[in-house]
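Working notes, structure below.
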Amino acid sequence: MSLTPPPGLPSSHNSAGARHRIIELDHVHRMARALTSDHQCQPAEGQSADGALIGNMQLQEVQPGLFMRLNRIRKRADLMIRSRIEPSLKIAVVWRGEPRVSFGPQHHALKPGRALCIALDEPTEFRLQSPKGAYEHSAILTLTPAWLTWHLGVSSASEVMPEARHLAHYHWQPSARLIERLEEFSRQRPGTLALRLGIESVALEVISECLADDSAQRRLQGTSEWQARLEDWISSGEVAYLSQAEIAARLGMSVRQLQRRYRDAYGQTMSRDLRRRQLLRAAHLLQDRNVTVEAAAEMAGYRSAANFATAFRRQFGMPPSQRPIVTA
């Protein structure tokens, strides 16, 4: 059993009572090199790298080939992170913040209460955008092929997915108890054997909940497969980056067929209803004062903040700058 960081990696940067310490970017690079290559973490042009991250960040190899990274951080600069990730199964649980990540061509908006599991069967480009002022409290698990083979008897990450393909993914809902345990350990430095064993325990609990989650099966009982997949993309925010032609191609149908099925299923045209849903999601995002109108516009699929503001006012009767509370 391995309960120590990879060679050359510090066990933790901060203690339980030092949540506001500066995290140097060199520390982030050293941590990333354990699992990635070509890692870059740079502030936006004109912004300083000094003190760009503040909080607590730690990476543990809790078992040989099983890594868990705990982040309890705030960004003090606009950061762009890029790296090349080796084949693995990735599990991401977020309980504060909404980091936007990309695995190859796929975009995902991670958010509290909706965890992500994604299979990487080949080296994959990873990107993460972190706006200044954003919080990220999260746990990221990496299950390497060696760990998957030893513990689950599979040779690739996609073999544990509903669809056996590279970049196959699904979302699941972590339990309140699991979030509480992750929150507790994110505050602490694993300096004792008891704490290290606790971190191993919670990592295995994450995997257990993730692989046992049957939300996809429950969804499929009341709806068709294409609707379940589309609802998944809508909830994750991924649909904002897809054209109707791309959605139709992913679902294995023509655009006309998709539009007809959507109208029959939802009673509305696809373009109008998706626009409404994306504006509704943007309205919810704006309740976080750290999310700018420009960021909400981008996450809703609008390239122009002005066009977003016009559509937002038409939908809700007030501009996004007023950050209306929308309950539906």
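The values are calculated or read from the model by the stated rules, or taken from the named source; none is laboratory data. For clarity, every value in this text was computed on a predicted model and none was experimentally measured. Please note: Cβ atoms are built from the backbone with ideal geometry, for glycine as well, and neighbour counts cover all protein chains shown. The area values use the complete protein model at the heavy-atom level, side chains included, leaving out ligands, DNA and RNA. Shrake-Rupley method; radii C 1.70, N 1.55, O 1.52, S 1.80 Å.
Can you pull out the trypsin sites (Lys or Arg not before Pro) in segment 285-328 whose DSSP state is coil and whose Cβ has at most 12 other Cβ atoms within 10 Å? Before the final figure, lay out the partial values.
Values: sites: R289, R303, R313, R314; in loops: R289, R303.
Passing both the DSSP loop test and the Cβ count: R289, R303.
With a 1.4 Å probe and every protein chain left in place, tell me how much accessible area V28 has, in Å² to the nearest 10.
V28 has an accessible surface of roughly 0 Å² with all protein chains in place.
Using Cα pairs under 8 angstrom and six or more residues apart, how large is the relative contact order of the chain, in percent?
14 percent.
If R₀ is 41 angstrom, what is the calculated FRET efficiency for the pair A34 and M318, using the beta carbon separation as r and rounding to 0.05?
Rounded to the nearest 0.05, the efficiency is 0.30.
Projecting each Cα onto the charge dipole of segment 39-78 (Lys/Arg +1, Asp/Glu -1 at the beta carbon, about the Cα centre), which of H39, G55, A77 comes out farthest on the positive side?
Of the candidates, G55 comes out farthest on the positive side.
For the chain, which longest stretch is free of loop sites, where a loop site is one of the GluC sites (Glu not before Pro) that DSSP puts outside H, G, I, E and B and that has at most 15 other Cβ atoms within 10 Å?
By the stated rule (loop sites, at most 15 other Cβ atoms within 10 Å), 164-328.
Taking the Cβ of S83 as the centre, find all other residues whose Cβ is under 11 Å away and add up their charges (Lys, Arg: +1; Asp, Glu: -1).
Net charge in that neighbourhood comes out at +1.
Quote the FRET efficiency, to the nearest 0.05, computed for L193 versus Q42 with a Förster distance R0 of 30 Å and r equal to the Cβ-Cβ distance. Intermediate values should be presented prior to the final figure.
Values: r = 38 Å, r/R0 = 1.25.
Between L193 and Q42 the formula returns 0.20.
With runs of 4+ DSSP H residues as the only contributors, calculate the mean residue ellipticity of the chain at 222 nm using -39,500 (n - 2.57) per run, divided by the residue total and rounded to the nearest 500.
It comes out at -11500 deg cm²/dmol, rounded to the nearest 500.
E225 to S102: extension gain in nm, 0.36 nm per residue of separation minus the Cα-Cα distance?
Extra length available between E225 and S102 comes to 41.9 nm.
Starting from the coordinates of the alpha-carbon atoms of the chain, obtain the Kirkwood hydrodynamic radius over all distinct pairs and give the value in Å to one decimal.
20.9
Counting other Cβ atoms within 10 Å, which trypsin sites (Lys or Arg not before Pro) in segment 123-169 have at most 15 and lie in a DSSP loop? Write out the running numbers ahead of the final one.
On the way: sites: R127, K132, R165; in loops: K132, R165.
Sparse-neighbourhood loop trypsin sites (Lys or Arg not before Pro): R165.
Which value, in Å³ per residue, describes the convex hull spanned by the Cα atoms of segment 235-290?
On the way: hull volume 4.6 nm³, N = 56.
Looking at segment 235-290, the number lands at 81 Å³ per residue.
Shape verdict for segment 260-328, please, from the Cα gyration tensor: rounded (a/c under 1.5), prolate (a/b greater than b/c) or oblate.
prolate
Subtracting the Cα-Cα distance from 0.36 nm times the residue separation, let me have the gained length for S254 to E180 in nm, one decimal.
Here the answer is 22.2 nm.
What lysines does K90 reach when the alpha-carbon gap must be under 25 Å and sequence neighbours fewer than 8 apart in one chain are set aside?
Straight-line reach from K90, under 25 Å: K75, K111.
Using a 7 Å offset from the Cα along the Cα-to-Cβ direction at both A146 and Q129, what is the distance between the two label points in nm, to one decimal?
Result: 3.6 nm between the two label points.
For A134, which sequence-distant residues (separation of 5 or more, or a different chain) have an amide H within less than 5 Å of its own amide H, given hydrogens modelled in the peptide plane?
Amide H to amide H, under 5 Å and 5 or more residues apart or across chains, A134 pairs with K75.
Expressed in nm to one decimal, what extension gain is obtained for the pair S201 and V154 from 0.36 nm per residue of sequence separation less their Cα-Cα distance?
Full extension of this stretch gives 14.7 nm more.
Please identify which residues in segment 57-73 have an amide N closer than 13 Å to a label point set 7 Å out from the Cα of L211, following the Cα→Cβ vector.
66
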